[in-house]
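Asker: Sharing a structure, written as structure tokens. Questions coming.
The values are calculated or read from the model by the stated rules, or taken from the named source; none is laboratory data. What you are looking at is a predicted structure, and each value in this text was computed from that prediction instead of being measured. Cβ placement follows ideal geometry from the backbone for every residue including glycine, while neighbour counts extend to all protein chains displayed. Note: accessible area is taken over every heavy atom of the protein model, side chains too, but ligands, DNA and RNA are not part of it. Shrake-Rupley method; radii C 1.70, N 1.55, O 1.52, S 1.80 Å.
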Amino acid sequence: MDQATTGDGRVAIVTGAAGTIGTAMCERFVRDGIRVVVADVTIEPARALAHRLDPSGGRALAVAVDVTDYARVESMVDGALAWAGRIDILVNNAGISEGHVPSWEMPLDAWRRTIDVDLTGVFHGCRAVLPSMLERGWGRIVNISSIAGKEGKNNPAAYAAAKAGVIGLTKSVAFEVAARGILVNAITPGSIWTPAWAALGDERREEVRSRHPIGRFGQAEEVAALVAWLSSEECSFSTGAVFDISGGRAGH
Ligand SMILES: NC(=O)c1ccc[n+]([C@@H]2O[C@H](COP(=O)([O-])OP(=O)(O)OC[C@H]3O[C@@H](n4cnc5c(N)ncnc54)[C@H](O)[C@@H]3O)[C@@H](O)[C@H]2O)c1
């Protein structure tokens with residue numbers, strides 16, 4: 001099948017698109033014939049990625065957004081609608097992990113910033129995009145949580161709390177729009193290979209790797225494949241669900 005037609009003219013927004021997993025998602029969407037809004041707080045890498053995906057600009061648009069700022073999230077959605085006339089898919093992927101210290105030592109601003117980006121940013125995305133999806137009666141939202149949101153351990157409390165919040169938020173929003181053609185799901189990755197993991201010392205990296213029964217880190221492309229399915233027509237009877245992608249690490 002002609003790749004350009006498989007996406008059926010669909011349009012996706014990916015936040016945190018210039019990061020490791022976001023990049024893989026954008027590449028996958030474009031390969032599947034889906035136009036993509038490459039949204040990130042750091043605009044230069046987002047521009048470079050959009051240009052690499054489609055130098056003509058027809059299939060990829062770079063947009064600067066800070067997901068903690070609702071006005072800018074609204075502008076991102078308005079910009080996407082002006083560019084493509086529709087938004088079918090939103091992947092709330094932007095995330096940070098700060099304050100890698102015990103809770104009693106965590107700087108208060110690290111707590112607030114993590115909750116702002118990792119949880120409130122996801123809410124902002126859902127709030128801003130849903131009116132246009134509701135109008136068209138079709139949509140897919142995929143929220144990137146983490147195994148930290150289910151298990152907490154070995155993660156900063158703010159990150160685990162925010163990612164657990166994403167699961168609750170996903171279930172609530174999914175329930176609200178379930179009968180209106182919009183499916184909202186979360187995924188909980190284990191450790192996915194990024195330059196941050198590469199920068200760890202050998203011993204620590206081996207300790208993280210060994211937490212995964214499959215015996216390796218996940219790859220961003222594997223996450224992108226799951227997100228592609230959750231964003232598709234084929235995903236039709238799952239909403240408010242939490243999809244594990246942790247190499248067997250999750251106990252539930
Ligand atoms: N890599 C892993 O092992 C792993 C595991 C579980 C969950 N996750 C989640 O997957 C998502 C992507 O992670 P990654 O490993 O690709 O990280 P990454 O750091 O490579 O990418 C994150 C991206 O988010 C962007 N960003 C940060 N703050 C932002 C803001 N306020 N507004 C808009 N964009 C912002 C960054 O500029 C960056 O491009 C995150 O939500 C992360 O928590 C990652």
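Asker: Can you list residues from other chains, or at least 5 along the same chain, whose modelled amide H is less than 5 Å from the amide H of V63?
Answerer: V38, A39, D40
Asker: Right, something else. I'd like the accessible area for M76, computed on protein heavy atoms only with a 1.4 Å probe and all protein chains in place. Round to 10 Å², please.
Answerer: Its heavy atoms expose roughly 0 Å² to the probe.
Asker: Can you work out the accessible area per residue across the chain, with the rest of the protein chains kept in place, probe 1.4 Å, in square angstrom?
Answerer: Per-residue accessible area for the chain comes out at 45 Å².
Asker: Here's something else I'd like to know. Working out 0.36 nm times the residue gap between A48 and L200, then minus their Cα-Cα distance, what length gain in nm do you get to one decimal?
Answerer: The span from A48 to L200 would gain 52.0 nm if fully extended.
Asker: Run the 1.4 Å probe and let me know the accessible area of Y159, rounded to the nearest 10 Å².
Answerer: Near enough 40 Å² of accessible area.
Asker: Taking each full run of DSSP H in the chain as one helix, which ones are at least 20 Å long along their axis (Cα atoms) and have mean Kyte-Doolittle hydropathy of at least 0.5?
Answerer: 157-177
Asker: GNM on the chain, C-alpha springs below 10 Å: top fluctuator among G58, G201, G218?
Answerer: G201
Asker: For the chain, state the average projected area of the convex hull of the C-alpha atoms over all orientations, rounded to one decimal in nm².
Answerer: 13.5
Asker: How big is the dipole moment of the chain about its Cα centre under a simple scheme where the beta carbon of each Lys and Arg is +1, that of each Asp and Glu is -1, and everything else is neutral? Debye, nearest 20, please.
Answerer: 260
Asker: Quick check: at a probe of 1.4 Å, how many percent of the accessible area of the chain sits on carbon and sulfur atoms?
Answerer: The value for the chain is 55 percent carbon and sulfur by accessible area.
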